[in-house]
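S.K.: Supplied in structure tokens, the structure appears directly below.
What follows draws every value from the coordinates through simple rules; no lab data is involved. Source: prediction; values computed, not measured. Counting neighbours? That spans all protein chains shown, and the Cβs are built from the backbone with ideal geometry, glycine included.
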């Protein structure tokens, strides 16, 4: 207890100075307190020009949103929004429900009259944009392609659409012209085509020209086949041509009669000398398989016989059979 | 004994009445967030107390009991003032603050008070708000401009208008991670806004408050001078940091070199720099002779304070520098006017001023570190000096200086090191070496740099000066880099808990109390009581014991637990699996070493393992002790965890799982999966956009499946044992 009283005791000077310090501070705090609690925020006039430029982006997006979703979602949108500008916009889009209908030409009508007809602002914009880029509306079907124009308005307006007769005619003649053009060009192209004379050849020996002689196989496919052969080391059956990427079964069936294979031409590689990268380059060996093959090698030493592969449980027997064509043990 | 240890007795209250006041003020500030009392009541209590105190003080009925209770009342009032001041700081009580007037979409006008920082992803700046939706307001707001706005020519002081939706500053909610939100709110910044392209506009060109404006101009000019004179980038970065307090140009290598050697404090302009500047100018006053002592005092004080203010303004008037200058101005004032003033008293007074001005300083590491370092130097330096002199008596003035510096850097570490380990998890081994070099060279670098700035217009002299300056910097950097190259330069990744830190402090303080209060035989003969000493010994033993128990418990907990943590990481999936000190990390594409740092570094330090076995999210691992994964299914202890990303969906996936983790590029809709798959918990991590998160959330609520979202709830932790 003595310790407590000793350490809380203040001398006369200390007391008087501390009291002055504290009272000054409390005074300052009261000023701050007044500012915090009682000071009422004043309104500052907003420069409308700046408000427009700042809110342009966000408001434009909102407008499109309402045009698309047809007000249903706007109800779920927070109605407590305090922004006066936003509120006004919402009312503008909700108000016009009774529309006027009159005869009009969609290629000439202005922005205001479109609004009167019941076009949403988004649809109006898209129509005007289409026209400004040189687009012409020639039929009522084309009207339905205007973005933002819903079906009910279109149905209501179809009797009033006034398309000038001569434009319709022009359109008709133009389209017939195009059809004529097409048929003549097509004929010219057909004449260029040459018939090929395929011959029977060995797929392990043949080069790209030999493959290109076949029906349905051109420059790209033949290159692909040759590349595939290179990475494999050679083919052991004709069926492997079907494995080449892009060659479908129908094509393969068509060219099959012309293919022969000589498996002795396959370049066999020594499995004990292969490393991870060179194994991965082989099309039939993926990353997992190469890993298991190498793991066995690191565990048991070099492969003594090709039948050692059957011991690897992760490799299917079919796979090992095909492997025998490409690898040897030395 | 040459150096009389005048300040050795720490509990010598009568010499420093203000130390108690600071202590109670800090208590008041700390306790404020825990209690919510209406602010009007708080004010009423304060007013009531002060009026009672005035009445008693003026009544002159000075019996002992009255005086005792009066001093108690005053101390209690100090506590209440601290409490009151901190609650005034809260933004929720401030109706004028913009955070209390927010709506869905706001139109805000404010002044730019920080230069626009341009980065790859987006540019950012700080706005001091003037109005919100046409109503005046106050507060600071962090603004991010969209990267589509490539041209931003806003200057400091411009008033701009923006429209957007201010949101809370997000901070990663991972275990043991740095709380960015708290850090910013202590700076007075509560919200941030991400602007859409084009939704900002200039209102008018303006300037900052004229002093700040000129300070900014002066700083720009000084930086340009240094930039021109020092072609070497490292030298320029060091010079601009040490002289002008601009740390923007410091590279990561430089930063790590300084922090590993323990000399990082010279890079941040703080008390040290202000002290050095005062010392340099004080040096000039030695030559001035005046008949009137009082006149000399006044001149000295006013000139030095002016110098401090000018220097603070040039360095950008950052809070750290303002604090240091307040501290040193009061120190100067006290030392000059009151000859027998106690340094702790003056320090306490400056701390009171700073805390009353902004109580948030109490959570600022810079504030804590500078005061701790100063107290520690003042208190322990004479002791270490004595200790050194027992073994070696310096005679030459150079050796005397060096021993002084060694004792200063030793003394500074005493109170600093527990906290620096707690916050930065590293301890520089060669702190004496680097500290001596840094503190010895800092005055020369600062003086040379300031001289260069002020005489840069003199043609030949300035080139000579530049050469000398760059040589100095080169030597300094060379020393720092060579210290960094020494083996075992820093003890990294040390984890201590808060309670261990407190114990360390208790132990240090009580040990130092015992050492500094040794009585001579004569004194012991006069007063044989040793109560203080005995209790100090008891406290030392107790705290060391608690420390040991704490560390043993920590290692026990770390070694004997198994857990999986799905971190909240922006733009990627990051999963750590611990078993004891073994650590395995599963990460996806968007995760790289750099951005991981804030997510999981501290947690990994806590577990004592910083180099994990990293595996890809798409890989399979069957022969792993910690967890087994094949295709999209992972087994962790007895839990089945299903990873959903677009690749895995092509493969067959099982019908049941305990946890369904949705991560990275998962584009399939929840309807398809939840219809065929039964799960107990759905976890969504930080790699997924809010849109998809909301889809999942809705679906989960429909089917009443528990839903966990790392962006909101923090990292997901699955305990194994």
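S.K.: Dividing the alpha-carbon radius of gyration of the range A:201-265 by 2.2 N^0.38 Å (N being the number of residues), what value is obtained? Before the final figure, lay out each step's value.
M.R.: Values: Rg = 10.4 Å, N = 65, 2.2 N^0.38 = 10.7 Å.
The reported ratio for this selection is 0.97.
S.K.: Report, for the protein assembly as shown, the % of DSSP beta bridges that are antiparallel, rounded to 5. Can you show the working numbers first?
M.R.: Details: 52 of 80 bridges.
Among the beta bridges of the protein assembly as shown, antiparallel pairing accounts for roughly 65 percent.
S.K.: Run the numbers for residue B:51 and residue B:23: contour at 0.36 nm per residue of separation, minus the present Cα-Cα distance, in nm.
M.R.: 7.8 nm
S.K.: Please give, to one decimal in nm, the separation of the simple spin-label points placed at residue A:317 and residue B:301, each 7 Å out from Cα toward the Cβ.
M.R.: Rounded to a tenth, the inter-label distance reads 10.3 nm.
S.K.: Once both axes come from the Cα atoms, what is the angle between helix B:397-424 and the longest principal axis of chain B, in degrees from 0 to 90, rounded to 10?
M.R.: Rounded to the nearest ten degrees, it is 30.
S.K.: Could I ask something else about it? Viscosity 1.306 mPa s, temperature 10 °C: give me the Stokes-Einstein translational D for the range A:111-166 in µm²/s, with Rh taken as the Kirkwood radius over C-alpha pairs. It would help to have the intermediate numbers written out before the result.
M.R.: Working: Rh = 11.7 Å.
The diffusion coefficient I find is 136 µm²/s.
S.K.: Could you compute the FRET efficiency for residue B:65 and residue B:388, with r as their C-beta to C-beta distance and R0 at 60 Å, rounded to 0.05? The partial results should precede the final answer.
M.R.: Values: r = 50 Å, r/R0 = 0.83.
Between residue B:65 and residue B:388 the formula returns 0.75.
S.K.: Answer rounded, prolate or oblate for the range A:269-328, using the Cα gyration tensor with square roots of eigenvalues a ≥ b ≥ c: rounded when a/c is under 1.5, else prolate when a/b is larger than b/c, else oblate.
M.R.: On the way: a/c = 1.18, a/b = 1.03, b/c = 1.15.
Here the range A:269-328 falls in the rounded category.
S.K.: How big is the range B:377-440 by Rg and Dmax over its Cα atoms, in Å?
M.R.: According to the Cα coordinates of the range B:377-440, Rg and Dmax are 12.6, 40 Å.
S.K.: Using the Kirkwood radius over Cα pairs, work out the Stokes-Einstein diffusion coefficient for the range B:98-208 at 37 °C and 0.692 mPa s, in µm²/s as a whole number.
M.R.: Once the numbers are plugged in, D ends up at 228 µm²/s.
S.K.: Moving on to the next point. If you wrap a convex hull around the Cα atoms of the protein assembly as shown, how much volume per residue is inside, in Å³? Working shown, then result.
M.R.: Numbers: hull volume 331.1 nm³, N = 1051.
Enclosed volume per residue, from the Cα hull, is 315 Å³.
S.K.: Using a 10 Å cut-off on Cβ atoms, rank the peptides B:261-271, A:109-119, A:312-322 from the highest mean neighbour count down. Intermediate values should be presented prior to the final figure.
M.R.: Details: B:261-271: 23.2, A:109-119: 16.2, A:312-322: 12.5.
Ranked by mean Cβ neighbours within 10 Å, highest first: B:261-271, A:109-119, A:312-322.
S.K.: Based on a Kirkwood Rh over C-alpha pairs, give the Stokes-Einstein translational diffusion coefficient of the range B:30-175 at 10 °C and viscosity 1.306 mPa s in µm²/s. Could the numbers behind the result be given before it?
M.R.: Values: Rh = 19.3 Å.
The calculation lands on 82 µm²/s.
S.K.: Taking only DSSP H segments of four or more residues, each worth -39500 (n - 2.57), what value at 222 nm results for the protein assembly as shown once the sum is divided by all its residues, to the nearest 500 deg cm²/dmol? Provide the component values of the computation, followed by the final result.
M.R.: Values: 38 runs with 563 residues, N = 1051.
Computed ellipticity for the protein assembly as shown at 222 nm equals -17500 deg cm²/dmol.
S.K.: For chain B, what ratio Rg/Rh do Cα atoms give with a Kirkwood hydrodynamic radius?
M.R.: Values: Rg = 29.8 Å, Rh = 30.0 Å.
Checking Rg against Rh, the ratio lands at 0.99.
S.K.: While we're on this one: Based on DSSP, what percent of beta bridges with both residues in chain B are antiparallel, to the nearest 5? Please list the in-between numbers first.
M.R.: On the way: 51 of 74 bridges.
Close to 70 percent.
S.K.: Over all alpha-carbon pairs of the range B:185-227, lay out the pair-distance distribution in 5 Å bins, whole %, shortest bin first.
M.R.: 5, 14, 11, 12, 21, 21, 14, 3
S.K.: With each pseudo-label sitting 7 Å past Cα toward Cβ, what's the residue B:701-residue B:655 distance in nm, one decimal?
M.R.: Modelled inter-label distance: 3.1 nm.
S.K.: Taking Cα atoms, how many degrees apart are the long axis of helix B:64-89 and the longest axis of chain B, rounded to 10 and kept between 0 and 90?
M.R.: 40 degrees
S.K.: Would you please state which residues of the range B:69-93 a label at residue A:30 would reach in this model, taking the label point 7 Å out along Cα→Cβ and a backbone N cut-off of under 16 Å?
M.R.: Answer for this model: B:81, B:85.
S.K.: Using only the alpha carbons of the range B:562-719, what is the convex hull's orientation-averaged projected area in square nanometres?
M.R.: Details: hull surface 34.3 nm².
Here the figure is 8.6 nm², rounded to one decimal.
S.K.: Also, quick follow-up: Normalise the Cα radius of gyration of the range B:508-638 by 2.2 N^0.38 Å (N = residues in it) and let me know the number. Could the numbers behind the result be given before it?
M.R.: Working: Rg = 25.1 Å, N = 131, 2.2 N^0.38 = 14.0 Å.
Rg over 2.2 N^0.38 Å, computed on Cα atoms: 1.79.
S.K.: Moving on. Take residue B:595 and residue B:256, extend 7 Å from each Cα along the Cα→Cβ direction, and tell me the distance between the two endpoints in nm.
M.R.: 2.0 nm
S.K.: Calculate the FRET efficiency for residue B:678 and residue A:291 from the Cβ-Cβ distance with a Förster distance of 35 Å, rounded to the nearest 0.05. Don't jump to the answer; show the numbers that get you there.
M.R.: Working: r = 34 Å, r/R0 = 0.97.
The calculated FRET efficiency here is 0.55.
S.K.: Between residue B:128 and residue B:103, what is 0.36 nm times their sequence separation minus the Cα-Cα distance? Round to one decimal in nm. Could the numbers behind the result be given before it?
M.R.: On the way: separation 25, 0.36 × 25 = 9.00 nm, distance 1.86 nm.
My answer for the length gained is 7.1 nm.
S.K.: Roughly what % of DSSP beta bridges within the range B:562-719 run antiparallel, to the nearest 5?
M.R.: That works out to approximately 60 percent antiparallel.
S.K.: Another question, then. Under the definition of Cα pairs under 8 Å and six or more residues apart, what whole-number percent is the relative contact order of chain B? Show your work: numbers first, answer last.
M.R.: Numbers: 1053 pairs, mean separation 73.0, N = 721.
The normalised contact order for chain B reaches 10 percent.
S.K.: Taking all pairs of different Cα atoms in the range B:13-89, averaging 1/r and flipping that mean, what Kirkwood radius in angstroms comes out? Please list the in-between numbers first.
M.R.: Numbers: mean 1/r = 0.0751 Å⁻¹.
Here the Kirkwood hydrodynamic radius works out to 13.3 Å.
S.K.: By how many nm would the segment from residue A:12 to residue A:262 grow when fully extended, if each residue of separation counts as 0.36 nm and the alpha-carbon distance is taken off? List each step's numbers first, then the result.
M.R.: Numbers: separation 250, 0.36 × 250 = 90.00 nm, distance 11.60 nm.
Taking residue A:12 through residue A:262 to full extension adds about 78.4 nm, to one decimal.
S.K.: May I ask for the Rg/Rh ratio of the range B:212-491, computed from Cα atoms with Rh as the Kirkwood radius, given to two decimals?
M.R.: The Rg/Rh ratio comes out at 0.96.
S.K.: Sequence gap at least 6, Cα distance under 8 Å: using those rules, report the relative contact order of the range B:98-208 to the nearest whole percent. Can you show the working numbers first?
M.R.: Details: 239 pairs, mean separation 33.1, N = 111.
That works out to 30 percent.
S.K.: Could you work out the relative contact order of the range A:201-265? I mean the mean sequence separation of Cα pairs under 8 Å and 6+ apart, divided by the number of residues, in percent. Kindly include the intermediate steps, with their values, before the conclusion.
M.R.: Details: 66 pairs, mean separation 29.9, N = 65.
Computed value for the range A:201-265: 46 percent relative contact order.
S.K.: Pop the C-beta distance of residue A:243 and residue A:200 into the FRET formula with R0 = 25 Å and round what comes out to the nearest 0.05. It would help to have the intermediate numbers written out before the result.
M.R.: Values: r = 21 Å, r/R0 = 0.83.
Approximately 0.75, to the nearest 0.05.
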